[in-house]
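Input: a single structure, listed below in structure tokens.
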Amino acid sequence: MTEIIDGNAVASEIRDELTESIERLADAGARPGLATVLMGDDPASQTYVNMKQRDCEEVGIESHHVDVDGDAPPEELFDTIADLNENDDVHGYIVQAPVPDHVDYRNVIRRVDPAKDVDGFHPENVGRLVAGDARFRPCTPHGVQKLLESAGVDTEGKDVTIVGRSDIVGKPLANLLIQKAEDGNATVTVCHSRTDDLAEKTRSADIVVAAAGVPELVDGSMLSEDTVVIDVGVNRVDADNDKGYELVGDVEFESAKAKASAITPVPGGVGPMTRAMLLYNTVKAAGLQED
Ligand code: GUN
């Protein structure tokens, strides 16, 4: 029987654990605060930001939100960032990506105080992660590691194929999984759109992580028996329903499930974990700033 890895259940456990730390910090006068910044009105980004606010409320993190007009000059976003860096009630914050085309996201990230960079995107935090001294693990890769742990998958000595080389998922996950650590020690292959014979790379893996942003890119024919499959993809595809779209992953679920020993669904797999690990990083940031 293939195990369906329940991201909602694992995320819920993590939120319960965090709630206790949050109350301890609040009792000491340092209730953790998380701010979200949204520039523009992309509907998917609005949904993500709303969900993050709700998560904060549930666990007792104080949430703040700043909207920046999508047509505003970049300086308006930079001023918002400068304010958040100075605000002692805000221990961590994220600038929701994507930002409008006239704003360079890298230039945005460099302005975030690294101690408040709960996405883990600032170059200082990227460098620390690569050096094996992470301050904040980026939320999605950290969530993937937690899901593997919850499914009893030991990564030591395993062949992991990651499909996707993004700065947010593929690159940091590869760096985490090769580290000399209990949740690392894997042999990692990172594939991308220019990889020759992707199926050969996925078939030779014990664990496949699909994070390319291509709907149903990986199917059962590309997997060996008993592979563990983690689907990071969240793709909106047209559908004949009320919303006019549905969410599908980067994995063709039914054929992959027939081969896999364990697999994450979309939705309900990695997505809730990304959100839970953002709360985790916020609590960590508040703890570090309290010291
Ligand atoms: N847009 C999609 N994923 C993310 C994320 O993890 N952080 C931010 N800030 N924006 C995103």
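Condition check ((1) touching a residue at least 12 places away in the same chain (Cβ under 8 Å); (2) closer than 30 Å to residue 60 by Cα; (3) part of a loop (DSSP other than H, G, I, E, B)) across all residues:
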position	(1), (2), (3)
212	yes, no, yes
262	yes, no, no
267	yes, yes, yes
272	yes, yes, no
Restricting to region 98-116, name every residue that is within 14 Å of the ligand (Cβ to nearest atom) and touching a residue at least 60 places away in the same chain (Cβ under 8 Å). 99, 100, 103, 116
For region 42-57, does any single residue satisfy the condition of being farther than 28 Å from residue 150 by Cβ, more than 14 Å from the ligand (Cβ to nearest atom) and either at pLDDT 95 or above or part of a helix (DSSP H, G or I) (or both)? no
Before we move on, is residue 188 touching a helix residue (DSSP H, G or I) at 6+ places or on another chain (Cβ under 6 Å) and farther than 19 Å from residue 5 by Cα? yes
Residue hits (region 94-113; under 15 Å from residue 45 (Cβ atoms) and either among the hydroxyl-bearing types (Ser, Thr, Tyr) or in a loop (DSSP other than H, G, I, E, B) (or both)) are 96, 97, 98, 99, 100, 101, 103, 105
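Which members of region 179-193 meet the condition of being more than 18 Å from the chain's Cα centre (by Cα) and within 15 Å of residue 134 (Cβ to Cβ)?
Initially, region 179-193 is screened for residues more than 18 Å from the chain's Cα centre (by Cα), giving 179-182, 185-189, 191-193.
179, 180, 181, 182 - these are the residues of region 179-193 that are more than 18 Å from the chain's Cα centre (by Cα) and within 15 Å of residue 134 (Cβ to Cβ).
This table checks each residue for (1) assigned by TED's automatic domain parsing to the domain that holds residue 234; (2) of a type in the set (A, V, I, L, M, F, W, C); (3) touching a strand residue (DSSP E or B) at 6+ places or on another chain (Cβ under 9 Å).
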| site | (1), (2), (3) |
| --- | --- |
| 15 | no, no, no |
| 37 | no, yes, yes |
| 47 | no, no, no |
| 51 | no, yes, no |
| 64 | no, no, yes |
| 76 | no, no, yes |
| 81 | no, yes, yes |
| 87 | no, no, yes |
When you go through (1) surrounded by fewer than 16 Cβ atoms within 10 Å (Cβ to Cβ); (2) over 30 Å from residue 28 (Cβ atoms); (3) touching a residue at least 60 places away in the same chain (Cβ under 8 Å) one by one for residue 254, which number turns out not to apply? (3)
In region 50-78, anything under 17 Å from residue 11 (Cα atoms), touching a residue at least 12 places away in the same chain (Cβ under 8 Å) and not basic (Lys, Arg) is listed as 51, 53, 55, 56, 58, 59, 60, 61
Evaluate the following for residue 93: is it within 13 Å of the ligand (Cβ to nearest atom) and buried (at least 16 other Cβ atoms within 10 Å of the Cβ)? yes
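How about region 117-205: which helices (runs of 4 or more DSSP H) wholly inside it have at least 1 residues that are within 16 Å of the ligand (Cβ to nearest atom)?
Details: elements: 123-130, 139-150, 170-177, 198-203.
Per the criteria, 123-130, 139-150, 170-177.
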Condition first: within 19 Å of residue 276 (Cβ to Cβ) and either surrounded by 13 or more Cβ atoms within 10 Å (Cβ to Cβ) or not polar (S, T, N, Q) (or both). Can you find one or more residues in region 70-90 that meet it? no
All-but-one check, residue 52 against (1) in contact with a Ser or Thr (Cβ under 9 Å, 6 or more places away or on another chain); (2) among the charged types (D, E, K, R); (3) surrounded by fewer than 16 Cβ atoms within 10 Å (Cβ to Cβ), failing number (3)
With (1) within 18 Å of the chain's Cα centre (by Cα); (2) under 23 Å from residue 64 (Cβ atoms) as the list, and residue 87 as the residue in question, which single condition is left unmet? (1)
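Please go through region 18-35 and pick out each residue that is over 15 Å from residue 289 (Cβ atoms) and surrounded by fewer than 14 Cβ atoms within 10 Å (Cβ to Cβ). Can you show your working first?
The first filter runs over region 18-35 and keeps only residues over 15 Å from residue 289 (Cβ atoms), leaving 18-20, 23, 27.
Within region 18-35, 20, 23, 27 meet the criteria.
Can you tell which of 59, 130 is assigned by TED's automatic domain parsing to the domain that holds residue 40, more than 22 Å from residue 43 (Cα to Cα) and either surrounded by 21 or more Cβ atoms within 10 Å (Cβ to Cβ) or out of contact with any Cys (no Cβ under 9 Å at 6 or more places or on another chain) (or both)?
Working: 130 fails: assigned by TED's automatic domain parsing to the domain that holds residue 40.
Within the list 59, 130, the selection yields 59.
The values are calculated or read from the model by the stated rules, or taken from the named source; none is laboratory data. As the structure is a computational prediction, the values presented were derived from the model and not from experiment. Ideal geometry is used to build each Cβ from the backbone, glycine not excepted, and the neighbour counts take in all protein chains shown.
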